[in-house]
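The values are calculated or read from the model by the stated rules, or taken from the named source; none is laboratory data. Keep in mind that this is a model prediction, so the values were computed, not measured. All Cβ positions, even for glycine, are placed from backbone atoms using ideal geometry, and neighbour counts span all protein chains on display. Areas reflect the complete protein model, heavy atoms only, side chains present, ligands, DNA and RNA absent. Shrake-Rupley method; radii C 1.70, N 1.55, O 1.52, S 1.80 Å.
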Amino acid sequence: MKRNGVENIKRELEKGSALIVASIPNRFYLTGFETSDGYVFITNEKAYFLIDFRYVEKAKEIVDTCEVRLSTSPLTEINELCRENGIDRLFVESESTSVRFFDDLKAAVAPVQVSDSDRFDKALRDMRSVKNEDEINAIKAAQKMTDDTFTYIIERISAGRTERDVMLDMEFYMRRMGSEGVSFDFIVVSGKNSSLPHGVPTDKKIENGDFLTMDFGAIVNGYHSDMTRTVAVGNISEEQRRVYDTVLKAQLAAIDAVKPGVVCRDIDKIARDIIYGAGYEGCFGHGLGHSVGVEIHEKPLFNTRCDTVLKEGTVMTVEPGIYLENKFGVRIEDMVVAVKDGCKVLTNSRKDLIIL
Ligand code: ZN
Ligand code: ZN
C-alpha cells in the first residue's frame with residue numbers, strides 16, 4: 001500500500017527541524033503498523049520508527065517508510081536522534097501530547113527547542129483528508145463488506161428478534177468475511193430506541209410497526225467504512241413514511257451537491273433546509289457527515305460550522321436523520337468520495353424504504 005505521509009512531512013520540515021509523532025492514528029497513517037506505543041521521528045531527510053521489543057520484529061518486516069529501531073528508553077533515543085541529525089527545533093503533535101511528556105521531552109533534549117505549535121497537527125489532518133488510490137480502494141473494500149452484511153441481515157430481520165441479537169449476527173458475519181474489526185460499536189436500535197441517534201443495542205425485541213436503524217462498518221487495511229440504513233418491520237404509519245421520504249430527499253440533494261471546491265457547511269445546509277422546511281426543525285441535532293479514513297471520524301465535517309473547502313480525494317459520509325423523541329428515528333448514511341466534477345457514492349445498498 002502506498003503511504004505518502006512521511007515523504008510529505010519531510011518536505012514540510014525545514015533543515016534542523018524534526019517532528020515526533022506519537023498518536024495512534026497518525027503513527028498508523030505514517031507507518032502502516034498499528035501499535036499501542038512507539039514514536040515516529042522525522043527530519044527533512046530521514047525518518048525513524050522507535051518501537052519496543054513486543055513489536056520490533058514485525059515492524060522491521062512491514063514498515064517501509066521509516067528506519068525501524070528497537071526502543072528501550074524513548075527520551076534518551078530521541079535525544080540521540082536530535083544529535084545525530086543536527087536538530088535544534090523539535091515539533092510534537094500539540095493536540096495529543098500530554099503536558100507530562102512535553103515537559104519530560106524538553107528536559108531530555110535541552111538545549112533543543114521544543115515547540116508547542118499545532119502546525120503539524122493541521123498538516124497531518126490535511127494530508128489524511130486527501131486519500132490516494134490505495135486508501136480509497138481499502139475503503140471501498142470495507143464498504144463492500146458492509147453492503148454484503150446489509151444484504152445478509154435484511155433476509156434475517158423479523159419481529160421477535162432482539163436488537164442485540166441482530167447486532168451480533170451482523171458483527172459475526174462481517175468478521176467472518178475478513179473485516180479486521182468493527183469500525184465502531186454497531187448501532188442497532190428499534191421502535192422508540194431509534195430516536196436515539198447513538199443508541200446502544202438492547203434486549204428489546206423488534207416489534208411490528210418498528211423502524212430499525214442499523215449503523216455499522218468494517219475495517220480493511222486499517223481503513224474504515226460507515227453506513228446507516230433504517231428499515232421498517234411490518235405495518236408503518238403515514239408519519240413514518242413522511243419522515244423517511246424527507247430524510248432520503250435531504251440525503252440525495254446533499255450528495256448531488258458534493259464536489260471539490262464546495263464549502264463543507266454549505267452541504268450541511270442543503271440537507272438541513274429540506275428537513276427544517278418539512279417541519280422537522282429541532283429533530284436533526286447532529287452534523288450531516290464526517291470524513292473517514294484510519295479513524296471513523298476525521299476532519300473535515302459536514303456541519304453548520306465547518307468552513308473547510310472540500311478537496312478531490314476526500315471521503316465523506318452523508319447522513320441526515322430525523323429523530324422524534326419517544327416515537328422513532330430515521331437516518332440514512334452513505335459514503336462518497338469527491339472526484340473531479342462531483343462525487344462518487346461508495347455505498348451500494350438500496351435506500352428506498354424497505355418494509356420487512
Ligand atoms: Zn455511521
Ligand atoms: Zn458516520
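Given the residues Val262, Val318, Val292, Val243, which is the only one that is at pLDDT 95 or above, more than 20 Å from Lys122 (Cβ to Cβ), hydrophobic (A, V, I, L, M, F, W, C) and within 15 Å of ligand 1 (Cβ to nearest atom)? Being at pLDDT 95 or above, more than 20 Å from Lys122 (Cβ to Cβ), hydrophobic (A, V, I, L, M, F, W, C) and within 15 Å of ligand 1 (Cβ to nearest atom) holds for just one of Val262, Val318, Val292, Val243, which is Val318. If you go through the stretch 18-60 and pick out every residue that is in contact with a strand residue (DSSP E or B) (Cβ under 7 Å, 6 or more places away or on another chain) and assigned to a helix (DSSP H, G or I), you end up with 7.
Restricting the stretch 168-191 to residues that are open to solvent by 30 Å² or more (accessible area, probe 1.4 Å) and among the aliphatic types (A, V, I, L, M), the residue that is farthest from Leu212 (Cα to Cα) is Met177. Taken as a whole, the structure places Glu93 among residues that are of a type outside the set (Lys, Arg), surrounded by 15 or more Cβ atoms within 10 Å (Cβ to Cβ) and in a loop (DSSP other than H, G, I, E, B). The residue that is most open to solvent (accessible area, probe 1.4 Å), counting only those in the stretch 319-352 that are closer than 19 Å to Ile206 by Cβ and of a type in the set (D, E, K, R), is Lys327.
Of the listed requirements (1) out of contact with any Ser or Thr (no Cβ under 7 Å at 6 or more places or on another chain); (2) more than 12 Å from ligand 1 (Cβ to nearest atom); (3) within 19 Å of Val339 (Cα to Cα), Lys299 misses just one: (1).
In the stretch 101-120, the residues that are more than 14 Å from Glu77 (Cβ to Cβ) form Cβ pairs under 9 Å with partners that are of a type in the set (S, T, N, Q) and loosely packed, with under 14 Cβ neighbours inside 10 Å, at six or more places apart or across chains, as follows: Lys106/Gln113.
Residue check: is Ile267 touching a residue at least 40 places away in the same chain (Cβ under 8 Å), part of a helix (DSSP H, G or I), touching a helix residue (DSSP H, G or I) at 6+ places or on another chain (Cβ under 6 Å) and within 27 Å of Asp126 (Cα to Cα)? Against the criterion (touching a residue at least 40 places away in the same chain (Cβ under 8 Å), part of a helix (DSSP H, G or I), touching a helix residue (DSSP H, G or I) at 6+ places or on another chain (Cβ under 6 Å) and within 27 Å of Asp126 (Cα to Cα)), Ile267 qualifies. Residue by residue through the stretch 117-162, note down the ones that are within 30 Å of Ser98 (Cβ to Cβ), open to solvent by 10 Å² or more (accessible area, probe 1.4 Å), touching a helix residue (DSSP H, G or I) at 6+ places or on another chain (Cβ under 7 Å) and not basic (Lys, Arg). Selection gives Ala123, Met127. Of all residues in the stretch 1-17 being under 22 Å from the mean Cα position of the chain (by Cα) and either β-branched (Val, Ile, Thr) or not in a helix (DSSP H, G or I) (or both), which is farthest from Met127 (Cα to Cα)? Only one residue tops the list, namely Met1.
Listed residues Gly222, Gly285, Gly234; which is away from ligand 1 (no atom under 15 Å from the Cβ), touching a residue at least 40 places away in the same chain (Cβ under 8 Å), within 27 Å of Ile136 (Cβ to Cβ) and surrounded by fewer than 21 Cβ atoms within 10 Å (Cβ to Cβ)? After applying the criteria, what remains is Gly222.
Can you pull out every residue in the stretch 54-76 that is surrounded by fewer than 19 Cβ atoms within 10 Å (Cβ to Cβ) and farther than 21 Å from Arg3 by Cα? The answer is Arg54, Leu70, Thr72, Ser73, Leu75, Thr76.
For the stretch 288-309, taking the residues that are of a type in the set (Val, Ile, Thr) and within 11 Å of ligand 2 (Cβ to nearest atom), the one that is surrounded by the most Cβ atoms within 10 Å (Cβ to Cβ) is identified as Val292.
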